[in-house]
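Please treat every number below as a calculation from the coordinates, not as lab data. Computed from a prediction, not measured in an experiment: that's the story for all the values here. Note that we place each Cβ from the backbone using ideal geometry, even for glycine, and neighbour counts take in every protein chain shown.
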Amino acid sequence: MTARGDERLAEATPDERLLSGSGIRHALEGVVTRIRGGDLGALPVVLGIAVIWTVFQLLNPVFLSSENLVNLTMQCAAIGTIALGVVLVLLVGEIDLSVGSVSGLAAAVLAVTFVQLQWNLILSLIAAIAIGCLVGLLYGYLFTRFGLPSFVITLAGLLGFLGLQLWVLGETGSIAIPFDSWLVEFAQQMFLPVWASYVVAVLAVAAYAWSLVRRARRRAAANLVSQSYTEIGVRAGVLLLFLLAATWYLNLYRGVGVMFLFFLALVVSMNFVLTRTRWGRAVYAVGGSVEAARRAGIRVDRIYLSVFAMCSTLAAVGGILAAARLASANQSSGTGDVNLNAIAAAVIGGTSLFGGRGTAFSALVGIVVIQSISSGLTLLNLDSSVQFMVTGVVLVLAVIVDSISRRTRAATGRA
Amino acid sequence: MSMTHPRSGRPRERVLTMRGIGKRFGAVKALTDVDFWVNEGEVVALVGDNGAGKSTLVKVLAGVHPPDSGSIEFDGEPVGIDSPADAQELGIETIFQDLALCDNLDVVANLWLGRELRDGATLDEVDMEQRTWTLLRELSAKIPSVRVPVASLSGGQRQTVAIARSLIGEPRVVILDEPTAALGVAQTAEVLNLIERLRERGHGVILISHNMADVMAVADRVVVLRLGRNNGVYNVADVTSETLIAAITGAVDHSAVRRIPERTDAAAPEPRDADEPPDHTAGGTVIRMPRAGARRTPRPRGEGNR
């Protein structure tokens, strides 16, 4: 989101004029022109969350209770982590349909090595994550070496690795992970103490504000248009208020789960890597135009390979989190709606299926939408049939928004 | 090699010389015995009908297709250009017609794509943006903001971004493939201005174009190819569009005239003499390949001496 800071220059003015200006008014104007131009960013999904939360709150007053929201955050972490990987694959314009199977496989490997073979937990975790990474490297190899469509490779992976998961689990079919292991505690019991949660919120905002101030200073020193301190203050202030309010509300019940914080940290670091490193820039470039990226000297094959590897690795991590939260790995781990929920979350969050557009934060907001629907419908005692249908409708709506905004962008020259 | 330039050990003006370039694709002879040269701060237009071999010649230079025969000299040294990376290393940048820009990235990101400046492990956006502005101002380019996605720019502005990008590596030779095709009048003028800036900066510019007006407006020298062979080299100062078109379409066939003397000196490694009297055919002055470094004396602030 911070990368957008520079785009406050309004675009709709005649091209002969050099645009400049700063201040909050310009920031708002920039946002308005961008949205008019079809560059919607997180707007539809934020509106979507507002609508969904209002509707469910009206139908069932428990929905927005602290208890339910705390549970919601904990439910988000596992699939959200998987969705984060999907965002990466979508950014390069590819797809991974097998994230569910890979997450189930990782859960199975973890449970079998840790419980049945009595490995050290760390070793089991490394094994499970390494399996995910290997799967991704295999996809990347097949994709870059033979040019198979990622759709087909990962569809094969969806079946193949589900089979492998069943084979790893063997006769038992279901393996319980002991409750006293720190992994399960991490996923179920660990919440930040109240003081620590506020400290984390304040530190996060301080880091954000500091990075903005540092950038503004450097830009001012270089005579470039920079954000005013007022604007930085407003941005940081709004974020601080939001985080403190959220923390306070969650603290009414059990507080901020460590697993959720882990997920947030993953999202923020991924955003950093995508927006501030050469690798991240290359990912967007490949998603925008493979040919242009290749001619610019980017080793496109390596980007694909690393993206597939990271996606499957994150899927494995998500599978481990899910297994830890359930304290078991079984034949249905990672099956059912996990796959499509993860992909839907990435798309609903605003990552374009056409590549090159989206941010790491779309995994976060997307999964909040998906889990809100799921949680709200469960509270209304509607069974999974309705849940599936509603999620399907929301996904279609999200893709419609993506397509329309893409067309608007093309029409206004921002495609 | 005989030196006509007393100031240095190597010819300073001539950047690139191609002699007797041949290229076949299966049974098709795309290029036969083509000579071509570029000096620093010179705009050479490469013209010819469809299938005349313009693109093939440019692709030979860009390292896309290595030549089957002939030699290439860069700064007087014989070189082989076997891959696009070789070409870039020598300092030959090609801007193909499709521009190869990433529409979803902004101007700065496109300019520095693949060679981003870093501040530690992270991108140095401030430095990149500052240098982008410097470069664009030097080119007198009109870009409203360097932080808008390239998709929102006009055709001429996109061409500007593509050209500016090619200058990041300070190339010696810039090849422009049909830069004004599909551009409006104002935008064409913008791009032609840009080409003049390139000349002022001391780059050798190779301009492929079908548009005689553009060629006459901006080029110093015109090289005509026809059916994969040289069909005359003209100084723009003393040639008319009609002559060029005659040469392009084959109404005047210089290749037959020119091949005969060339066959005789093909065995000799010495380049032909610049003082050789030019043919006067159909009103245009056909130029022989001059000895390296003999042509232009003013050398506007070049990036030479790599």
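The mean sequence distance of close C-alpha pairs (under 8 Å, at least 6 residues apart), as a share of the length of region A:220-305, puts its relative contact order at 12 percent.
Here the residues B:Asp98, A:Asp337, B:Asp214, ranked from fewest to most Cβ neighbours within 10 Å of their Cβ, fall in the order B:Asp98, A:Asp337, B:Asp214. Mean sequence separation of contacting Cα pairs (under 8 Å, at least six apart), scaled by the length of region B:102-168, corresponds to a relative contact order of 46 percent. Take each residue in B:164-176, count the other chain C-beta atoms within 10 Å of its C-beta, and the mean is 0. According to the calculation over all Cα-Cα pairs in region A:347-400, the P(r) per 5 Å bin from zero is 4, 20, 25, 22, 14, 8, 4, 1 %.
Look at the dipole of region B:102-168 built from charges on Cβ: of B:Thr134, B:Val161, B:Gly120, the Cα furthest out on the positive end belongs to B:Val161. Above 35 Å, the calculated P(r) of chain A contains 29 percent of its Cα-Cα pairs. Per residue of chain A, the DSSP helices (runs of n ≥ 4 H) give a summed -39500 (n - 2.57) that works out to -24000 deg cm²/dmol at 222 nm. Summarised as an ellipsoid, region A:129-220 has semi-axes of 40, 29, 8 Å, derived from the eigenvalues of the Cα gyration tensor scaled by 5 and square-rooted, with the largest first.
Assuming charge only on the beta carbon of Lys and Arg (+1) and of Asp and Glu (-1), the dipole of the protein assembly as shown about its Cα centre is about 840 debye to the nearest 20. By the count of other C-beta atoms within 10 Å, a proxy for reagent exposure, A:Cys133, B:Cys102 are ordered fewest to most as A:Cys133, B:Cys102. For the options A:Asn68, A:Asn330, A:Asn223, a Gaussian network treatment of chain A with springs between C-alpha atoms closer than 10 Å singles out A:Asn223 as fluctuating the most. Magnitude of the charge dipole for region B:102-168, about its Cα centre and with charges confined to Cβ atoms of Lys, Arg (+1) and Asp, Glu (-1), is about 280 debye.
Rounded to the nearest angstrom and listed largest first, the equivalent-ellipsoid semi-axes of the protein assembly as shown from its Cα gyration tensor are 60, 29, 21.
When both region A:65-86 and region A:323-385 are represented by their alpha-carbon centers, they are found 8 Å apart. Projected onto the charge dipole of the protein assembly as shown (+1 at Lys/Arg Cβ, -1 at Asp/Glu Cβ, origin at the Cα centre), which of A:Ser174, A:Val112, B:Leu198 gives the Cα projection farthest towards the positive end? Result: B:Leu198.
Taking the DSSP beta bridges with both ends in the protein assembly as shown, the antiparallel portion is around 65 percent.
The long axis of helix A:361-379 is offset from the longest Cα principal axis of chain A by roughly 50 degrees.
Listed from fewest to most Cβ neighbours within 10 Å, the set A:Arg235, B:Arg147 follows the order A:Arg235, B:Arg147. Between A:Leu250, A:Leu166, A:Leu397, find the one with the highest GNM mean-square fluctuation for chain A; connect C-alpha pairs within less than 10 Å. In the Gaussian network model the winner is A:Leu397. In region B:46-162, the ratio of gyration radius to Kirkwood radius, Rg to Rh, stands at 1.04 when only Cα atoms are counted. From the C-alpha coordinates alone, can you work out the Kirkwood hydrodynamic radius of region A:184-278, in Å? About 15.0 Å for region A:184-278. Taking Cα centre as origin and charging only the Cβ of basic (Lys, Arg, +1) and acidic (Asp, Glu, -1) residues, the dipole magnitude of chain A rounds to 1540 debye. For B:Leu99, no residue whose modelled amide H falls within less than 5 Å of its own remains once neighbours fewer than 5 places apart on the same chain are excluded. Relative to the dominant Cα principal axis of chain A, helix A:66-91 is inclined by about 80°. Each of the GluC sites (Glu not before Pro) that DSSP puts in a loop and that has at most 12 other Cβ atoms within 10 Å breaks chain A; the longest unbroken stretch is A:172-415. The ellipsoid that matches the Cα gyration tensor of region A:202-330 has semi-axes, each √(5λ) in whole angstrom, of 31, 30, 8, with the longest given first. For region B:102-168, the pair-distance distribution built from all alpha carbon pairs, in bins 5 Å wide starting at 0, is 4, 19, 33, 26, 13, 4, 1, 0 percent. Modelled this way, with points 7 Å down the Cα-to-C-beta line, the labels at A:Leu64 and A:Thr144 are 4.9 nm from one another.
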